[in-house]
Amino acid sequence: MQLPKHLKIAAGCTGAAIFGILFGWVIFPTILKSQLKKEMALSKKTDVRKMWEKIPFALDFKVYLFNYTNAEDVQKGALPIVKEVGPFYFEEWKEKVDIEDQDDTDTINYKKLDTFHFRSDLSGPGLTGEEVVVLPHIFMMSVATVVSREKPAMLSMLGKGLNGIFDGPSDIFIRVKVLDLLFRGVVINCARTEFAPKAVCTALKKEAAESLIFEPNNQYRFSLFGMRNGTVDKHVISVKRGIKNVMDVGKVVAIDGMTEQEKWSGKCNEYEGTDGTVFPPFLTEFDRLESFSGDLCRSFKPWYQKKTSYRGIKTNRYIANIGDLANDPDLQCYCDAPDKCPERGLMDLTKCVGAPMYASMPHFYDSDPELLNNVKGLNPDVNEHEIVIDFEPITGTPLVAKQRVQFNIRLLKTDKIELFKDLPEVVVPIFWIEEGLALNKTFVNMLKHQLFLPKRIVGVIRWLLVAFGLLGLLACLVFHFKDHIMRFAVSPDSATVTKVNPEDHEEKEISIVGRTITEPPKVEI
């Protein structure tokens, strides 16, 4: 038996609606997820791998220094007054070299190569990098602090050695050009022949070889970032490629062949999270991200804050901080002992960088208020000093990132060195950096066209199919049952009808002036 035409149309509309539902909400998401799993893995065929190996654009690297305006008073015990100078803007180009794939473990080994280029045009107004700033002598203070902790009996000799190396300084402050401190290097005169300076320089050459540049005539140079610029990092990092399980992509599994650090205690020695340059896809607001920072020798676990958007793309914002090591059981293993943790918002980096530096948020944001009270001139601001990362949740791509950290030092007070005997024992800021990115229009459009445009098209098509199918089905059903609908509309039960019945015919008497007749009179013509 052949179906009527309208029933065939109804069947087609039903099929269209079912297909729209299956394709739009089941098939396409499954295909997209499967494709993303392949594309987000660090296999040699993917675009993500190429960008991971060499980021095709420069990151923002901004440095802010603290200039001490009352150095003479601090030398006598006063609390410091500082003024922020910056930003000094550098382009940071990141590349991974000496790359080796390990197919059996689904891992990849590499070394880092970072290159910095100064941009005065993008720095603060009028800043050239040749400005002279006054701040605590990081090298002098670091050496004295390490010796006071490990070999306090050697402090007197160290004082004589520092006096010779730095040509009889009048205080513990250094007056230095910004680019010299950051990259070009500050001269340490190790050409002295006196016993104490010579002994100090011998120890430096042995213990601090990785952080110093050695020049002819026993001249050493010290800088904050000079050793990193254009130099291949010696450490070999091993991360998961994510080919077998995309949710493991970028996860750090070993450094220099060691699956754990040997700097801290317990769980803090574990490598948790990715290398910070790639993250797993399919993020939700309930996921806790993890990344390992080699510069700070620890893992960070940013937490979800809110929904945001960037250039028309919906993102999830995550934030992070240094933490309260003393009161957070998960972070106490970064301390020598739970009762020896630094103030809230501080992390002692001595075991990590080999110098008694403390990491914090810029301007001591989200830190112990006492830190802020001990230094005048700081103004913490959530918008300027918070760690913020905006992720596109489907691909796990960071569209905007601002990683901020401040480096501080605790002034050492000791009677065994003349220059140190009156100093206030407070933690003071030296500089802070902001390493950030904001994907430009080209890469945002690439993401839109490769991911969101197909999603949007499928989204429109699926609703059109469902709407067309349901409306078509409804129209065919109306057409098929139109007779029943009409009968229902006119049936006695379908409406209230007033029935008019004629009265029964009865003969009525008609009175005509004095007589009664039962019929009307006949009229003859």
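What follows draws every value from the coordinates through simple rules; no lab data is involved. The structure presented is a predicted model; accordingly, all values stated were derived computationally and were not measured. With ideal geometry, Cβ positions are generated from the backbone for all residues, glycine too; neighbour counts draw on all protein chains shown.
Quick one, what does Rg over Rh come out to for region 262-353 if you take C-alpha atoms and the Kirkwood Rh?
On the way: Rg = 15.1 Å, Rh = 14.7 Å.
Across region 262-353, the Cα-based Rg/Rh ratio is 1.03.
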### Query
Which net charge results for the neighbourhood of F391, defined as the other residues with beta-carbon distances under 15 angstrom from its beta-carbon, given Lys and Arg at +1 and Asp and Glu at -1?
+3
### Size of charge dipole - region 109-245 - debye, nearest 20, with Cβ of Lys, Arg +1 and Asp, Glu -1, no other charges
760 debye
### Query
Could the peptides 127-138, 297-308 be put in order, highest first, of the mean number of other beta-carbon atoms found within 10 Å of their residues?
127-138, 297-308
### Summary
Expected sort for V176, V249 with the fewest Cβ neighbours (10 Å cutoff) up front is V176, V249
### Query
In which sequence would S293, S142 go, from the one with the fewest C-beta neighbours within 10 Å to the one with the most?
S293, S142
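How would you rank S148, S238, S265, S360, going from fewest to most other Cβ atoms within 10 Å of each one's own Cβ?
Working: S148 19, S238 22, S265 13, S360 27.
Going from least to most buried by this count: S265, S148, S238, S360.
Of K83/K198; K112/K240; K234/K340; K44/K351; K112/K307, which pairs sit farther than 28 Å apart, going by alpha carbon to alpha carbon?
Violating the 28 Å Cα-Cα cut-off are K83/K198; K234/K340; K44/K351; K112/K307.
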### Summary
S309 neighbourhood, Cβ < 12 Å, K/R = +1, D/E = -1, net charge +3
### Message
Over region 134-234, what is the relative contact order in percent, taking alpha-carbon pairs closer than 8 angstrom and at least six residues apart?
### Response
28 percent
#### Entry: Charge dipole (debye, nearest 20) of region 296-371; +1 at Cβ of Lys and Arg, -1 at Cβ of Asp and Glu
820 debye
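Which order do the peptides 153-161, 274-282 come out in when sorted by mean C-beta neighbours inside 10 angstrom, highest first? Could the numbers behind the result be given before it?
Numbers: 153-161: 17.7, 274-282: 20.9.
The densest-packed peptide leads the list: 274-282, 153-161.
Could you tell me what fraction of 2.2 N^0.38 Å the Cα radius of gyration of region 66-132 comes to, as a two-decimal ratio? Don't jump to the answer; show the numbers that get you there.
Values: Rg = 21.1 Å, N = 67, 2.2 N^0.38 = 10.9 Å.
So region 66-132 has a normalised radius of gyration of 1.94.
About its Cα centre, how strong a charge dipole does region 242-362 have in debye, to the nearest 20, once Lys and Arg get +1 and Asp and Glu get -1 at the Cβ? The partial results should precede the final answer.
Working: 15 positive and 18 negative charges, 144 e Å.
Charge dipole of region 242-362: 700 debye, to the nearest 20.
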